[in-house]
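A short worksheet on the structure shown next.
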Amino acid sequence: MAITQAMCTSFKKELLEGTHNFKNSGGSTFKLALFTSSATLGAATTAYATTNEATGSGYSAGGANLTRVDPSSSGTTALTDFADLTFSTASVTANGAVIYNSSASDKAVIVLAFGGDKTSTAGDFTIQFPAADASNAIIRIA
């Protein structure tokens, strides 16, 4: 089983259908859920599911809400991002994560692969997002 970092193929189609709204005002609710190395996740992931989701203190099933950064553009690239997310005082091990739209039947957006198990023991487990610019934002359309 493996977690492969990818923008979900279903998400790309759903963008054209108007399923996802990343605006801060009136936008969809996006969440991030953590998964163990037993999960099989990648471009073919279509929705959040609890199979092989991480468990532990300071982490709840379904993950946590993300704080959106309003969509913008730079040159010919449209982009959006999220504020860093911290699971405080958590004891959890995760190998990857899924960002999903809880406002739209838990449809998957992106799979994040951590490159190995990451563990927090009664400490902060933080997902640090890249800079919100045309070269680094977590969601970019060029």
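Which members of region 37-83 meet the condition of being assigned to a loop (DSSP other than H, G, I, E, B), closer than 24 Å to residue 122 by Cβ, open to solvent by 20 Å² or more (accessible area, probe 1.4 Å) and not polar (S, T, N, Q)?
58, 61, 83, listed by residue number.
With respect to residue 96, is the statement that it is without any contact (Cβ under 8 Å) to a residue 12 or more places away in the chain, under 25 Å from residue 135 (Cα atoms) and in a strand (DSSP E or B) true?
No, not satisfied.
From the set of residues in region 114-127 that are among the hydroxyl-bearing types (Ser, Thr, Tyr) and either touching a helix residue (DSSP H, G or I) at 6+ places or on another chain (Cβ under 8 Å) or surrounded by fewer than 16 Cβ atoms within 10 Å (Cβ to Cβ) (or both), which is nearest to residue 22 (Cα to Cα)?
Per the stated criteria, the residue is 126.
Residues that are open to solvent by less than 70 Å² (accessible area, probe 1.4 Å) and assigned to a strand (DSSP E or B): does region 128-138 have at least one?
Within region 128-138, not a single residue is open to solvent by less than 70 Å² (accessible area, probe 1.4 Å) and assigned to a strand (DSSP E or B).
How about region 1-53: which of its residues are in contact with an Asp or Glu (Cβ under 7 Å, 6 or more places away or on another chain) and among the aromatic types (Phe, Trp, Tyr)?
35, 48
Pick out the one residue from 62, 18, 27 that is under 16 Å from residue 103 (Cβ atoms) and without any contact (Cβ under 8 Å) to a residue 12 or more places away in the chain.
Only one candidate passes the filter, namely 18.
The values are calculated or read from the model by the stated rules, or taken from the named source; none is laboratory data. The shown structure was predicted, so the numbers you read here are calculated from the model rather than taken from an experiment. Heads up, the Cβs are rebuilt from the backbone with ideal geometry, glycines too, and the neighbour counts pull from every protein chain shown. These accessible areas exclude ligands, DNA and RNA; they are computed on the full protein's heavy atoms, side chains included. Shrake-Rupley method; radii C 1.70, N 1.55, O 1.52, S 1.80 Å.
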